[in-house]
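First comes the structure, then the notes that go with it.
The values are calculated or read from the model by the stated rules, or taken from the named source; none is laboratory data. Owing to the predicted nature of the structure, the values given are computational and were not obtained by experimental measurement. So basically every Cβ, Gly included, is an ideal-geometry build from the backbone, and we count neighbours across all protein chains shown.
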Amino acid sequence: MSQPPKISFNAADTQEATLALNDLLEHYQHHDIEDADIAVAIGGDGTMLETIHTTYERGLPVYGINVGSVGFLLNPFRPENLKDRITQAHKVDIYPLKMIATDIHGTNHEGLAFNEVSLLRETRQAAKLNIAVDGIERIPELVCDGILVATPAGSTAYNLSAHGPIIPLSGNVLALTPISAFRPRRWRGALLPAHLKIKIDIINPDKRPVSATADSTEIRDVVRVEIEQMATKSCTLLFDPDHNLEERILKEQFVS
């Protein structure tokens, strides 16, 4: 008989998450992350992303419990039978984006994004961006507030707010979505095969500064951002069978 999983809990710093954690600790033992078999995030999508980043290198699967405001990547809070639900959970592997952002001083900064990499103007002036895909220039000058590259798991987050497409998890594509594009006026973005590399150069970065953010890692005053999917190492998310992520992403496309 297999042993029940050792759980490491990570709760948001909110009253709701603290109460939920205390409830769970009455029934389940907490283990340090180094000794755990699984991580359980308690909070909202922000706590879930924080937990994913913390556990990614260790290869621990993550089960999320929603006591936040949205919780798209999490399961409903039900304190009973947690270990049974974890054992029976549906597994979803997601692949992060690797961002290499070069700042105005020539320093390279790396970041991982499980939702999206976003570039945003820092001042009142619009950003001007040059976009290349796999070494081929696709847009010489995009005048906009910014642009983002979203994974399928992240396509229902910032990408959706920017009117980008929702991507099924099995789609194996990335969304390249402009944010308040001015010119080209009719360009609404693109769906790209996930293996392609995206390079974005900032035009006139001194006058029109731009920041780049991979999930919660923000780099200011960038001159170039290179983005590619990490295809060799994934993170496993766990979902209750009646709370399947693929089905919720599909249903989201029919919500008015």
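Does region 139-148 hold any residues that are in contact (Cβ under 8 Å) with a residue 40 or more places away in the chain and either within 12 Å of LEU120 (Cα to Cα) or surrounded by fewer than 22 Cβ atoms within 10 Å (Cβ to Cβ) (or both), and which are they?
To start, the set of residues in region 139-148 that are in contact (Cβ under 8 Å) with a residue 40 or more places away in the chain comprises 139, 141-143, 146-147.
Selection gives ILE139, GLU141, VAL143, GLY146, ILE147.
Can you name the residue in region 36-56 that is in a strand (DSSP E or B) and either modelled with pLDDT under 95 or among the small types (Gly, Ala, Ser) (or both) and is also farthest from LYS91 (Cα to Cα) among such residues? Break it down into steps so the answer makes sense when it comes.
So in region 36-56, the residues in a strand (DSSP E or B) come out as 38-43.
Going one step further and asking which of them are either modelled with pLDDT under 95 or among the small types (Gly, Ala, Ser) (or both), we end up with 39, 41, 43.
Values: ALA39: 14, ALA41: 16, GLY43: 20 Å.
Result: GLY43.
Starting from region 85-105, keep only residues that are at pLDDT below 95, then list their pairs with residues that are hydroxyl-bearing (Ser, Thr, Tyr) and surrounded by 17 or more Cβ atoms within 10 Å (Cβ to Cβ) whose Cβ atoms are within a distance under 6 Å, requiring at least 6 positions of separation or different chains.
Close Cβ pairs satisfying both conditions: ILE86/TYR63; LYS91/THR236; ASP93/THR236.
May I ask you to verify whether SER180 is among the small types (Gly, Ala, Ser), buried (at least 23 other Cβ atoms within 10 Å of the Cβ) and either at pLDDT 95 or above or in contact with a strand residue (DSSP E or B) (Cβ under 7 Å, 6 or more places away or on another chain) (or both)?
It is false that SER180 is among the small types (Gly, Ala, Ser), buried (at least 23 other Cβ atoms within 10 Å of the Cβ) and either at pLDDT 95 or above or in contact with a strand residue (DSSP E or B) (Cβ under 7 Å, 6 or more places away or on another chain) (or both).
Which condition breaks for ARG78 when tested against (1) at pLDDT 95 or above; (2) outside any strand (DSSP E or B)?
Failing condition for ARG78: (1).
Consider region 115-133. How many of its residues are farther than 21 Å from SER155 by Cβ and over 21 Å from the mean Cα position of the chain (by Cα)?
Filtering region 115-133 down to residues farther than 21 Å from SER155 by Cβ leaves 121-128, 130, 132.
Retained after the next criterion (residues that are over 21 Å from the mean Cα position of the chain (by Cα)): 122-128, 130, 132.
Summing the residues that are farther than 21 Å from SER155 by Cβ and over 21 Å from the mean Cα position of the chain (by Cα) in region 115-133 gives 9.
Has region 41-49 got at least one residue that is under 15 Å from ARG85 (Cβ atoms) and in contact (Cβ under 8 Å) with a residue 60 or more places away in the chain? Working first, answer last.
Here is the first cut: in region 41-49, the ones under 15 Å from ARG85 (Cβ atoms) are 41-42.
Remaining after also requiring in contact (Cβ under 8 Å) with a residue 60 or more places away in the chain: none.
No, every residue in region 41-49 fails to be under 15 Å from ARG85 (Cβ atoms) and in contact (Cβ under 8 Å) with a residue 60 or more places away in the chain.
Tell me, please, whether a residue that is assigned to a helix (DSSP H, G or I) and not assigned by TED's automatic domain parsing to the domain that holds PRO209 can be found in region 57-74. If you could, list the steps in order and put the result at the bottom.
The first filter runs over region 57-74 and keeps only residues assigned to a helix (DSSP H, G or I), leaving 57-58.
Within this subset, residues satisfying the condition of being not assigned by TED's automatic domain parsing to the domain that holds PRO209 are 57-58.
Scanning region 57-74, I find at least one residue that is assigned to a helix (DSSP H, G or I) and not assigned by TED's automatic domain parsing to the domain that holds PRO209, so the answer is yes.
Would you check which residues across region 236-256 are under 26 Å from THR54 (Cβ atoms) and among the acidic types (Asp, Glu) and list them?
The answer is ASP240, GLU246.
Which residue out of LEU82, LEU169, LEU112 is under 30 Å from ALA36 (Cα atoms), surrounded by fewer than 23 Cβ atoms within 10 Å (Cβ to Cβ) and more than 21 Å from the chain's Cα centre (by Cα)? If you could, list the steps in order and put the result at the bottom.
Numbers: LEU169 fails: more than 21 Å from the chain's Cα centre (by Cα); LEU112 fails: more than 21 Å from the chain's Cα centre (by Cα).
Of the residues listed, the single one that is under 30 Å from ALA36 (Cα atoms), surrounded by fewer than 23 Cβ atoms within 10 Å (Cβ to Cβ) and more than 21 Å from the chain's Cα centre (by Cα) is LEU82.
What's the total number of residues in region 117-160 that are more than 17 Å from PRO193 (Cβ to Cβ) and assigned to a strand (DSSP E or B)?
Total meeting the criteria: 18.
Step by step: first the residues of region 106-116, then only those that are without any contact (Cβ under 8 Å) to a residue 60 or more places away in the chain and assigned to a strand (DSSP E or B), then the one that is farthest from ASN22 (Cα to Cα). Which residue is that?
From region 106-116, those without any contact (Cβ under 8 Å) to a residue 60 or more places away in the chain are 106-108, 110; that's our starting set.
This time we only want the ones that are assigned to a strand (DSSP E or B), so: 108, 110.
On the way: ASN108: 42, GLU110: 36 Å.
Top of the filtered list is ASN108.
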